[in-house]
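First the structure, in the form of structure tokens, and then the observations on it.
The values are calculated or read from the model by the stated rules, or taken from the named source; none is laboratory data. Note that the structure is predicted; figures quoted are calculated from it, not measured. As a convention, Cβ positions derive from the backbone with ideal geometry for all residues, glycine included, and neighbour counts pool all protein chains shown.
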């Protein structure tokens, strides 16, 4: 009965228009969600790759700033890294499956200063901040 009005379907089946409309809305919502899943997964993977690249750049800047003892730039880069990690965390919580992260980083304090370190592939990241 594709393309038929709610009134026509209700008359042909002998059920109320509201029952037909409710069924249509439930089934269409499920069909639309199912049809859009592959595209959404592809888009979410692309977004995670972009967020991962932003995080990598922020941590590269933080490493350079630390070597140059530029505390102002270091704090800005770490703030950007933290913001990106927050977005990634929120996004991961909204996804049905875990993201495919290419690089893993951790920020540790050595001698009272934050240091960004890249971890080997596949290693689980835990964040610890301790004051010296």
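Annotations
- Selection from segment 50-63 of residues that are over 18 Å from residue 109 (Cβ atoms) and either loosely packed, with under 13 Cβ neighbours inside 10 Å or in contact with a strand residue (DSSP E or B) (Cβ under 7 Å, 6 or more places away or on another chain) (or both): 50, 55
- Test for residue 8: is it assigned to a helix (DSSP H, G or I) and at pLDDT below 75: no
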